1. Could you tell me whether any residue of region 134-146 is of a type in the set (Asp, Glu) and either part of a strand (DSSP E or B) or within 31 Å of the chain's Cα centre (by Cα) (or both)?
2. So, in region 62-82, how many residues would count as being within 12 Å of ligand 2 (Cβ to nearest atom) and over 15 Å from residue 6 (Cα atoms)?
3. I need every pair where a residue in region 2-14 that is surrounded by fewer than 14 Cβ atoms within 10 Å (Cβ to Cβ) has its Cβ under 8 Å from the Cβ of a residue that is among the polar types (S, T, N, Q), sequence separation at least 6 or different chains.
4. Inside region 135-186, can you point out the residues that are among the hydroxyl-bearing types (Ser, Thr, Tyr) and surrounded by 11 or more Cβ atoms within 10 Å (Cβ to Cβ)?
5. Name every residue in region 4-26 that is in a loop (DSSP other than H, G, I, E, B) and more than 14 Å from ligand 2 (Cβ to nearest atom), in order of residue number.
6. Residues being of a type in the set (D, E, K, R), out of contact with any Ser or Thr (no Cβ under 7 Å at 6 or more places or on another chain) and within 30 Å of residue 111 (Cα to Cα): count how many of those fall in region 164-221.
7. Confirm whether residue 112 is outside any helix (DSSP H, G or I) and either over 20 Å from residue 188 (Cα atoms) or within 16 Å of ligand 2 (Cβ to nearest atom) (or both).
Amino acid sequence: MADMIECSTHGQCQATYVCTHLTGETAGLGFNHDEPTDEDPFPDAFCDDCNTILEALGGWNEEAEKLIKISLLCSGCYERARIRNTKTDVTLDDLKDLRWKCTSCDEWHTGPMLDIGYDAPWYWTKKHAEADRKARLLPSWHRERPKTFLNEDFCALIDDDGHENFFVRGLIHLPIIGAGETFRWGVWGSLSRANFEKLLEMDEDPKRTELPAMFSWLSNRVPEYPDTLNLKMYAHIQPVGIRPTFFLEPSDHPLAQEYHHGISAERVKEIMLRQVKELKG
Ligand SMILES: [Zn+2]
Ligand SMILES: [Zn+2]
Ligand SMILES: [Zn+2]
């Protein structure tokens, strides 16, 4: 049986060992290990420098023990360290000179584009926008929340079946392989009425970070993937002024795969090619 440890981020997880360089927020140091097996899915991992020492010494022995410091990590943190430190042919640094014309502001920007967002959930239609516009003209608008409205963070709407639906805007962070950065999809997720009202009520309350994670269905059709509508997520509420972070439930869906195992810088560039007006460099 593998040893288990308690991690403050990941909970009860399998214990793993890595060289001390691979802990913390380092990136791009290399992540070397034996092939994972069923018995040992998280083999001991070493940065490139420690791996060179290890190879010169012919494997782990007393001498290596003196030269290489080892740290204990939970399997969740091991996976994060793997994504950050795995080396790729194209790195995020290679994208730093790219010049691109932005679809939202029409200006030229330099460097990788790491944020793509949506102003509304996929279910928000012209009809809803019209209802919202009319409701805002009513004197009661400031007193009671209309059944259909959209602002920068929240949305409520009545669908064709007469059901009320509630949404919050948040971020899906995809860790970039070989980097300490994330690529971010700014999307909308559904919420239950109770959670939606709780969140509106606590919009300015620092205590809102204590709210438990909220179940949510992904409510945008994110391009670049097979249909993403209704992927299962959990909204983790952040401090006042910061949008929630969505945790994607593990599945075979490519977006969930990239969420849990990282996205390559090469793929970030591919996405840019299709999502910006013009790309140079
Ligand atoms: Zn090392
Ligand atoms: Zn952990
Ligand atoms: Zn822009």
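1. Checked against the condition, which is being of a type in the set (Asp, Glu) and either part of a strand (DSSP E or B) or within 31 Å of the chain's Cα centre (by Cα) (or both), region 134-146 yields no hits at all.
2. Total meeting the criteria: 3.
3. Between residues of region 2-14 that are surrounded by fewer than 14 Cβ atoms within 10 Å (Cβ to Cβ) and residues that are among the polar types (S, T, N, Q), the close pairs are 2/14; 3/14; 4/12; 4/14; 6/12.
4. Listed by number, the residues that qualify are 148, 182.
5. 26
6. Count: 3.
7. Against the criterion (outside any helix (DSSP H, G or I) and either over 20 Å from residue 188 (Cα atoms) or within 16 Å of ligand 2 (Cβ to nearest atom) (or both)), residue 112 qualifies.
Okay, residues lined up against (1) of a type in the set (D, E, K, R); (2) farther than 22 Å from residue 176 by Cα:
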residue	(1), (2)
19	no, no
25	yes, no
33	no, no
45	no, no
50	no, yes
60	no, yes
72	no, yes
80	yes, no
83	no, no
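No value in this document is a laboratory result; all are computed from the given coordinates. Computed from a predicted structure; not experimentally measured. FYI the Cβ positions are ideal-geometry reconstructions off the backbone, even for glycines, and counts take in every protein chain you see.
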